[in-house]
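Taken together, the values in this text are just the output of simple stated rules run on the coordinates, not laboratory data. These numbers were taken from a predicted model, which means no experiment stands behind them. Note that each Cβ is placed from the backbone with ideal geometry, even for glycine, and that neighbours are counted across all protein chains shown.
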Amino acid sequence: MGEGELKKDNLIIANKKFNSRLIVGTGKYKSMSECAKAIDLSGADIVTVAVRRVNIINKNKPLLMDYIDPKKITYLPNTAGCFNSKEALRTLRLAREIGGWKLVKLEVLGDKKNLFPEMIETLKSTEILSKEGFKVMVYCNDDPLMAKRLENAGACAIMPLAAPIGSGLGILNKVNIGIIRKQTKLPLIIDAGLGQASDATIAMELGCDGVLVNTAIAKAKKPFVMALAFKNAVVAGRQSFLSGRIEKTLMGKPSSPSKGII
Amino acid sequence: MKKIKKIKIKLNGKERLIEENISLLKLIKILKIPVKKVAIELNHEIMDKKKLNKKMIRKNDKIEIVHFIGGG
């Protein structure tokens, strides 16, 4: 494959092209400036953001929009902290009103400890939001059947977890991710549970279209170095996937010619 | 001098006294909040930001003003 071909290898979500296949979260950083620098180093075109009450009392608190320009980076409003469809719909309708955001990340949680998605509420919300014109990227469990139902409900991207949010455990069920990859043409993005850069490479080698990372970068001892590591890992994984790996064999095959040995 | 009458409202979950007969837009301006960067809900109904000047605040109204913050 020529270099030129790789450059055209964009991530396409809801008919919009993005250069980077790494999506990053903006939570858990020590400061807004640290967050902005890490995003810059990660090369991400899309960042997830949360919708919360404005601090009426302390208005001098730095605003996210002052550090990350929504004209340059695509904001992906999320529904983090929502535990039912009603809360999620309210949050995303408000997000749309802030400035016309239609590309959103739906995340309806079902348990406060393991943070697994509540899939019945998620499915219900996906249907409603899609009908309202939202482009819904859906955080979900790694169940191929549920992924199919989300696709039928109008999701614009399927985003199964690798492991519980913030756990850093990496991809726990490669088989299921592989099955979801085979069954869907929608963008497949691993969301949640990654711990280190190689986890992102594995996701990309499984044929995923991208990965979404927050904690693994924000809470690394050196977030800037980890942001770079994830950027490179996603590129490496994608190139590895596109290059067509060798077959696995049980026995060894010599790398040097066996003829002409002295 | 005429005494300004005040009314009680609930703003972002907290009770607050504000001037009587002011619009939502006026309240946002008093609070020095950039309208472009927020969304506003009045009694659970999302407000069209272009019509904030026409929406008068009444006693016991529940107002929510939200914006984007860092999140995963």
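Structure summary
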quantity: Low-density loop cleavage sites - trypsin sites (Lys or Arg not before Pro) in the stretch A:124-196, where at most 15 other Cβ are within 10 Å (DSSP); calculated: A:LYS185
quantity: Angle in degrees between helix A:85-99 and the longest Cα principal axis of chain A, rounded to the nearest 10; calculated: 90 degrees
quantity: Neighbour-limited loop hits for trypsin sites (Lys or Arg not before Pro), the stretch A:214-248 (at most 14 other Cβ within 10 Å; DSSP other than H, G, I, E, B); calculated: A:LYS221, A:ARG245, A:LYS248
quantity: Residue mean of other protein chain beta carbons inside 10 Å, B:35-41; calculated: 5
quantity: Förster radius 35 Å - calculated FRET efficiency between B:LYS37 and A:LYS182 (Cβ-Cβ, nearest 0.05); calculated: 0.25
quantity: Residues B:ILE46 and A:LYS174, FRET efficiency given R0 of 56 Å [Cβ-Cβ distance, rounded to 0.05]; calculated: 0.85
quantity: Residue pairs, from the table B:LYS6/B:LYS29; A:LYS135/B:LYS29; A:LYS28/A:LYS86; A:LYS8/B:LYS37; B:LYS3/B:LYS36, whose Cα atoms sit over 22 Å apart; calculated: A:LYS135/B:LYS29; A:LYS28/A:LYS86; A:LYS8/B:LYS37; B:LYS3/B:LYS36
quantity: Protection proxy ranking of B:54-63, A:164-173 - average other beta-carbon atoms within 10 Å, highest first; calculated: A:164-173, B:54-63
quantity: Modelled FRET efficiency - R0 45 Å, A:SER243 with A:ASP66, Cβ distances, 0.05 increments; calculated: 0.60
quantity: Global geometry of the stretch A:78-154, whether rounded, prolate or oblate, following the gyration tensor of its Cα atoms and the 1.5 cut on a/c; calculated: oblate
quantity: Virtual paramagnetic centre 7 Å along Cα→Cβ of B:LYS10, amide N under 15 Å, in the stretch B:36-61; calculated: B:41-45, B:58-61
quantity: The protein assembly as shown: calculated mean residue ellipticity at 222 nm from DSSP helix runs of at least 4, using -39500 (n - 2.57); calculated: -9500 deg cm²/dmol
quantity: The stretch B:6-66 shape via C-alpha gyration tensor axes, a/c threshold 1.5; calculated: rounded
quantity: Pair A:LYS148, A:ILE56: separation of 7 Å Cα→Cβ label points (nm); calculated: 5.0 nm
quantity: C-alpha center-to-center spacing [the stretch A:115-132, the stretch A:17-47] in angstrom; calculated: 26 Å
